[in-house]
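**Q** Got a structure here, written out as structure tokens. Questions coming.
Read the figures in this text as sums done on the coordinates, not as results from a lab. Fair warning: this is a prediction, and the values are worked out from it, not measured in the lab. Note that each Cβ is placed from the backbone with ideal geometry, even for glycine, and that neighbours are counted across all protein chains shown.
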Amino acid sequence: MSNGKVFADIADKYDRINRILSFGQDQKWRQRAVNHLPSGTLLDLGGGTGAANEIFARFDVVALDPSSEMLSLNSEPRRVVAIGERLPFVDGAFDAVFSAYVVRNLDSLDSTLAEVHRILRPGGRAAIVDLGRPKAPAAARLHRLGSRVVLPAVGALAGARDEYVYLNRSLDKLPPPEVMYADTPLRQVDLWRMGPLGFVYGVVLEKE
């Protein structure tokens, strides 16, 4: 999770830009994943500025992010600056873990999922929402072409072209979610695609 500083300089604009890029659907995508989580203590892994806070009413939340600049804008009272690969919590501390648009910024997904497994209680669940390329090859090619133009252009308008060039490149960093989550310490409960061409995915994992 070493890329915590990538978006630090645009922390105050970050959520607004994401809402535009998602055609206003970003919160709906988060909510669909959160609906799968048990109530109780929740770790918002990569919580950033707190974009998901309004859908966390039934949880006791701890927000964690590697960027202190992002967290300074988060309204959650319990905020921790740390990385996903080394979570500063005791075993079984949480009923649920939520993470949105963070996986591509991790140094190691395997290490992070091992840590998530450790801090979840038995029966606890993790819900992840992130971006990738569409599953169908033709749609993936079309999406790659479009994002190569659109993301840097939006970033330039926001005074953050480099950050959104990075975002475009990160979409090809990892395998498809159907491959990524096929063999983890957590049992896969559900995986679905969302958004135009299916470039957004959600996955729910459970500690047995």
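**Q** Okay, which of the range 86-113 sit inside 19 Å, backbone N to the point 7 Å along the Cα-Cβ direction of Arg32?
**A** 98-104
**Q** Please find the FRET efficiency linking Ser68 to Val90, where r is the Cβ-Cβ separation and R0 is fixed at 22 Å, and quote it to the nearest 0.05.
**A** Computed FRET efficiency for Ser68 and Val90 comes out at 0.45.
**Q** Here is a further query. At 0.36 nm per residue, and after removing the present C-alpha to C-alpha distance, how many nm does the segment from Ser39 to Met194 gain when stretched out fully?
**A** Stretched fully, the Ser39-Met194 segment lengthens by 53.4 nm.
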